[in-house]
1. Scan region 32-52 for residues that are loosely packed, with under 12 Cβ neighbours inside 10 Å and basic (Lys, Arg) and jot them down.
2. Considering (1) within 12 Å of the chain's Cα centre (by Cα); (2) buried (at least 16 other Cβ atoms within 10 Å of the Cβ), say which one GLU55 fails and leave the rest.
Amino acid sequence: MKPRELVLALRAMGLTQKQIEQRTGIPQPTVSKIGLGRVADVMSRHYVALVAAYEQRVKEEALRAAPEVGRRSSRR
């Protein structure tokens, strides 16, 4: 994915620009510019941070959607 696509995907997953900043270390104004396609060349460390944040969010979403394994009903 391109940096802009990563930012847009993270936003679609419910993260704010500020939360993306907190997860990646990329300043919020830069996150905004990347999302708008106004940054021609994203620094590699920013790209790596966006990929890591995206992968982490995908894992969080998968865990949330997965049924709780091993949980038994307490009704008897």
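Only the coordinates and a few stated rules stand behind these numbers; no lab work does. Source: prediction; values computed, not measured. Virtual Cβ from ideal backbone geometry, glycine too; neighbours counted across all protein chains shown.
1. ARG38, ARG45
2. (2)
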